[in-house]
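Peer 1: Below you will find the structure I want to go over with you.
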Amino acid sequence: MGTVLVDTSNSPWARLKPVPIESVKLEDSFWAPRLEVLRRTTLRSQYELMEETGRIDNFRRASGKIKGPFRGFYFNDSDVYKWVEAASLTLAYEHDADVKRLVEIVVEEIIAAQDEDGYLNTYFVFERRGERWSNLRDMHELYCAGHLFQAAIAHYRATGRRELLDSALRLADHITGIFGPGRRRGVPGHPEVEMALVELYRVTGKRSYLDLARFFIDERGRGLIGGSPYHIDHKPFRELDELVGHAVRALYLCCGATDVYMETGDRSLYEALGRLWLDLTQRKMYITGGAGSRYEGEAFGNAYELPNERAYAETCAAVANVMWNWRMLLATGNARYADIMELALYNGALAGISLEGKHYFYVNPLADRGKHRRKPWFDCACCPPNIARLIASVPGMIYSVSPQGIWTHLYVAGRASLAFKNLGVEVIQRTDYPWSGVVEIEVRPSRTSLFSLFLRIPGWCRKARVEVNGTEFSGKPIPSSYLEVRREWDWGDVVKLSLDMPVTLIQSHPHVTYNTCRVAIKRGPIVYCLEQVDNPDCDVWDVVLPVEAKLTPKFRRDLLGGVVVIEGRALALDSSTWKGKLYAPLSEVEVRVKAVELKAVPYYAWANREPGPMTVWVRLAKNMPV
């Protein structure tokens with residue numbers, strides 16, 4: 001099958017089948033350079049930091065190669081596994097001898113640390129051996145195991161080598177020998193292993209792995225790890241009607257449940273997933289696709305509880321949002337999931353890494369006074385390798401296939417070699433997306449054949465036009481849907497998709513009180529923000545945007561790696577009449593405004609220059625011409 005992210009090739013209840021990463025080569029100015037930065041800079045620097053912080057030495061200690069204490073958090077193994085997954089996916093896309101060498105070093109250390117009975121976790125060795133599986137709620141053994149499984153699968157698919165996969169299977173067999181029906185009850189405090197077990201089942205066909213994944217989902221909510229909403233253990237999964245608790249854990253759990261559904265067709269799981277998705281997207285998700293509003297417990301808040309400056313919006317949660325929506329898309333072929341996947345990918349997740357690929361956000365606020373900056377690493381370093389593996393995954397999320405034809409989810413210039421129904425098709429995309437809404441897709445089938453090309457019409461696009469070989473297509477493009485172009489395809493047929501991409505002002509539901517009388521600027525899939533460095537005439541927190549303001553997109557090749565900025569005239573509050581007062585009677589102060597030039601940049605690119613205030617949500621004024 002090749003290196004796929006989620007292998008639904010034989011999943012009975014999945015509508016779409018994946019396309020291997022190595023079948024896609026990007027030629028655009030947005031994602032292709034990021035994959036290059038990932039390969040040349042990010043993976044190497046993360047390896048050095050894992051060595052520096054003792055994460056790899058923990059494996060050497062467990063195998064007896066070195067002596068000394070365990071270093072870092074008890075779940076540090078998972079950071080190493082995520083890095084291996086990211087590096088393996090990168091190797092599938094483009095060979096790099098140095099990355100391959102580093103992967104081989106790490107894989108050798110992982111395998112050497114495994115116990116004879118298959119157990120593998122570098123924290124629970126020597127003096128802690130007797131504590132194994134004694135605290136599933138807090139100690140993350142199953143979480144770490146899940147990340148090992150995913151790393152091993154990616155490594156096997158990318159390289160064809162089985163050493164790490166065989167090691168992972170030994171651990172999986174160790175776990176299935178302890179937990180499951182008729183054996184020990186329990187669930188992981190941090191979900192992750194569920195989706196990894198399903199993927200192991202897809203690789204091996206071994207039913208016990210799928211059964212254990214379903215067992216962990218079935219057992220959750222029965223108080224086995226304390227019954228708290230924080231752990232999503234307060235109610236059985238199939239009875240949940242809202243997302244609560246730790247955001248990353250909840251979204252990873254949804255990923256696992258979606259995977260189980262695609263293999264079993266369990267409608268009760270599917271119905272619960274639908275309710276939870278609506279709760280997320282209609283009541284609890286940031287405009288960036290970020291999730292988890294509370295610092296306390298890294299958790300979802302109440303409905304519409306979406307603060308800006310105090311937003312938590314962990315990078316890992318945005319990554320998990322992409323992962324879940326990718327699975328829901330494979331299951332259903334419904335474009336609404338692709339919309340959210342794209343939103344989180346381009347905004348909430350991508351903001352988690354700097355443009356030069358060596359600094360990271362753990363927390364992603366939507367407003368700041370200039371103090372929040374990316375860091376080169378964290379003691380709890382879950383986010384850096386997580387965003388690395390997401391970027392490495394992008395080539396595998398652009399297309400899918402089904403018996404009916406080819407599905408285009410993301411618009412990225414490049415070439416892809418696709419296969420379905422004994423037919424080979426080369427697809428060439430030409431576009432400057434996300435800066436332009438014009439996409440040309442050239443189709444080159446191995447023989448003239450009847451099939452469909454499904455074009456995603458993004459939910460943000462209110463007007464679209466499709467031409468086939470220069471003639472307007474009769475089908476009507478509908479926002480947040482796939483337009484099916486079905487015909488006899490010949491070599492060199494060209495479909496042109498023109499997506500209207502105006503600058504749009506977005507408002508919140510009235511119950512999001514943090515955004516009352518405020519709007520956000522969006523163009524296409526990109527959410528914008530105001531940074532102080534671009535707006536020297538006023539504090540960006542004082543900007544007032546008249547509803548009639550004319551906002552113009554302008555491409556700046558020299559700025560932030562090449563971006564479209566939004567420019568226009570706006571107003572700014574003058575607070576000098578307050579003279580140090582915090583509160584005053586309405587009659588004693590005068591609200592003054594002045595005209596200013598406004599410039600907005602993509603949210604994902606903020607904090608890559610000099611520090612200063614930033615905001616996504618801007619005050620809106622009516623009947624105040626500039």
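The values are calculated or read from the model by the stated rules, or taken from the named source; none is laboratory data. Everything numeric here is computed off the predicted structure, so don't read it as measured data. Glycine also receives a Cβ, built like all others from the backbone with ideal geometry; neighbour counts cover every protein chain displayed. When the accessible area is computed, the model is the full protein with side chains, heavy atoms only, and any ligands, DNA or RNA have been set aside. Shrake-Rupley method; radii C 1.70, N 1.55, O 1.52, S 1.80 Å.
Peer 1: Note the full-extension length gain between Arg40 and Arg369 as 0.36 nm times their separation in residues minus their Cα-Cα distance, in nm to one decimal.
Peer 2: Between Arg40 and Arg369, full extension yields an extra 115.2 nm.
Peer 1: How about the range 488-584: which GluC sites (Glu not before Pro) there are in a DSSP loop, with at most 16 other Cβ atoms within 10 Å of their Cβ? Walk me through the intermediate numbers first.
Peer 2: Values: sites: Glu488, Glu531, Glu548, Glu567; in loops: Glu548.
Those satisfying the criteria are Glu548.
Peer 1: So how much slack lies between Glu548 and Glu356, counting 0.36 nm per residue of separation and subtracting their Cα-Cα distance, in nm?
Peer 2: Length difference between fully extended and current span is 65.4 nm.
Peer 1: Next question, about the same structure. Would you compute, from DSSP H runs of 4+ residues alone, the mean residue ellipticity of the chain at 222 nm, taking -39500 (n - 2.57) per run and dividing by the full residue count, rounded to the nearest 500?
Peer 2: -9500 deg cm²/dmol
Peer 1: Taking +1 at the Cβ of each Lys and Arg and -1 at the Cβ of each Asp and Glu, which of Leu329, Ser354, His190 sits farthest along the dipole of the chain towards its positive end, judged by Cα position relative to the Cα centre?
Peer 2: Of Leu329, Ser354, His190, it is Leu329.
Peer 1: Of the options Ile111, Pro585, Met614, report the single residue whose Cα projects farthest towards the positive end of the charge dipole of the chain (beta-carbon charges: Lys, Arg +1; Asp, Glu -1).
Peer 2: Pro585
Peer 1: Please identify the trypsin sites (Lys or Arg not before Pro) of the range 47-91 that satisfy two criteria: DSSP loop assignment and at most 16 other Cβ atoms within 10 Å. Which are they? Don't skip to the answer; put the middle values down first.
Peer 2: Working: sites: Arg55, Arg60, Arg61, Lys65, Lys67, Arg71, Lys82; in loops: Lys65, Lys67, Arg71.
Loop-located and lightly packed - Lys65, Lys67, Arg71.
Peer 1: So what's the net charge close to Val533: Lys and Arg +1, Asp and Glu -1, counting the other residues with Cβ under 11 Å from its Cβ?
Peer 2: It works out to a net charge of -1.
Peer 1: Can you tally the net charge around Pro477? Count Lys and Arg as +1, Asp and Glu as -1, for every other residue whose Cβ sits under 9 Å from the Cβ of Pro477.
Peer 2: +3
Peer 1: Can you compute the charge dipole magnitude of the chain about its Cα centre, using +1 on each Lys and Arg Cβ and -1 on each Asp and Glu Cβ, nothing else charged? Give it in debye, rounded to the nearest 20.
Peer 2: Working: 80 positive and 77 negative charges, 126 e Å.
It works out to roughly 600 debye.
Peer 1: Please compute the contact order of the chain in relative form: average sequence separation of alpha-carbon pairs under 8 Å and at least six residues apart, divided by the residue count, as a percent. Could you put the intermediate results ahead of the total?
Peer 2: Details: 1361 pairs, mean separation 77.8, N = 626.
The value is 12 percent.
Peer 1: What are the lysines whose alpha-carbon lies under 21 Å from the alpha-carbon of Lys100, with same-chain residues fewer than 8 places away excluded?
Peer 2: Lys25, Lys82, Lys358
Peer 1: Report the far tail of the P(r) of the range 459-558, meaning the percent of Cα-Cα pairs longer than 21 Å.
Peer 2: Above the 21 Å cut-off, the range 459-558 has 55 percent of its Cα pairs.
Peer 1: Which percentage, to the nearest 5, of the DSSP beta bridges contained in the chain is antiparallel? Kindly include the intermediate steps, with their values, before the conclusion.
Peer 2: On the way: 83 of 91 bridges.
Close to 90 percent.
Peer 1: Sticking with this one: Can you give the Rg/Rh ratio of the range 1-145, where Rg is from the C-alpha atoms and Rh is the Kirkwood radius?
Peer 2: Details: Rg = 17.8 Å, Rh = 17.2 Å.
The Rg/Rh ratio comes out at 1.04.
Peer 1: Could you give me the ³J(HN,Hα) list for the range 553-559, computed from phi with Karplus coefficients 6.51, -1.76, 1.60 and θ = phi - 60°, whole Hz, x at Gly and Pro?
Peer 2: x, 8, 7, 10, 5, 8, 10
Peer 1: Largest first, what is the accessible-area ranking of Ser417, Ser587, Ser228, Ser452 with a 1.4 Å probe?
Peer 2: Largest accessible area first, the residues go Ser587, Ser417, Ser228, Ser452.
Peer 1: Let me ask something additional. Using the Karplus curve 6.51 cos²θ - 1.76 cosθ + 1.60 with θ = phi - 60°, work out ³J(HN,Hα) for each residue of the range 354-367 in order, rounded to whole Hz, and write x for Gly and Pro.
Peer 2: Result, rounded to whole Hz: 6, 5, 8, x, 10, 9, 9, 9, 8, 10, 10, x, 9, 8.
Peer 1: Of the options Phe216, Gly562, Pro33, report the single residue whose Cα projects farthest towards the positive end of the charge dipole of the chain (beta-carbon charges: Lys, Arg +1; Asp, Glu -1).
Peer 2: Of the options given, the answer is Gly562.
Peer 1: Along the Cα→Cβ direction, 7 angstrom out, place labels at Asn135 and Arg444. What is the inter-label distance in nm?
Peer 2: It works out to 5.9 nm between the two label points.
Peer 1: Further, regarding this structure: Order 612-619, 99-106, 87-94, 21-28 from most to least packed using the mean count of other Cβ atoms within 10 Å.
Peer 2: Averaged packing, sorted descending, gives the order 87-94, 612-619, 21-28, 99-106.
Peer 1: While we're looking at this one, here's another question. Per residue, what accessible area does the range 316-384 have, given a 1.4 Å probe and all protein chains present, in Å²?
Peer 2: Computed with neighbouring chains in place, this is 23 Å² per residue.
Peer 1: I've got another one for you. Could you give the alpha-carbon Rg of the chain over 2.2 N^0.38 Å, rounded to two decimals? Each step should come with its number before you reach the end.
Peer 2: Values: Rg = 24.8 Å, N = 626, 2.2 N^0.38 = 25.4 Å.
So the chain has a normalised radius of gyration of 0.98.
Peer 1: Where only protein heavy atoms count, and the probe is 1.4 Å, what is the accessible area per residue for the range 162-213 in Å²?
Peer 2: Spelled out: the 1.4 Å probe surface of the range 162-213, per residue, equals 33 Å².
Peer 1: Now for a separate question. Can you give me the three principal axis dimensions of the range 138-214 from its C-alpha atoms, in Å, biggest first?
Peer 2: Result for the range 138-214: principal-axis Cα extents of 36, 25, 17 Å.
Peer 1: Here's another thing I want to ask about it. First measure r as the distance between the Cβ atoms of Arg310 and Glu127, then evaluate 1/(1 + (r/R0)^6) with R0 = 45 Å and state the FRET efficiency to the nearest 0.05.
Peer 2: Efficiency for this residue pair is about 0.65.
Peer 1: So what's the projected area for the range 276-397, the Cα convex hull averaged over all directions, in nm²?
Peer 2: 7.6
Peer 1: May I pose another question? Would you compute, for the Cα atoms of the range 178-232, the largest minus smallest coordinate along each principal axis and list the three values in descending order, in whole Å?
Peer 2: 35, 23, 14
Peer 1: Separate question: Roll a 1.4 angstrom probe over the protein heavy atoms and tell me the percent of accessible area of the chain that is carbon or sulfur.
Peer 2: Values: 11440 of 23240 Å².
Looking at the chain in its full context, I get 49 percent from C and S.
Peer 1: Here's another thing I want to ask about it. Can you give the FRET efficiency to the nearest 0.05 for His511 and Ser480, using r as the Cβ-Cβ distance and R₀ = 22 Å?
Peer 2: Taking R0 as 22 Å, the efficiency between His511 and Ser480 is 0.45.
Peer 1: I'd like to check one number: the per residue accessible area of the range 1-156, probe 1.4 Å, reported in Å² as a whole number.
Peer 2: Each residue of the range 1-156 exposes 37 Å² on average to a 1.4 Å probe.
Peer 1: Pull up all non-local amide H partners of Phe451: gap of 5 or more, or a different chain, and H-to-H distance under 5 Å with H placed in the peptide plane.
Peer 2: The answer is Arg487, Trp489.
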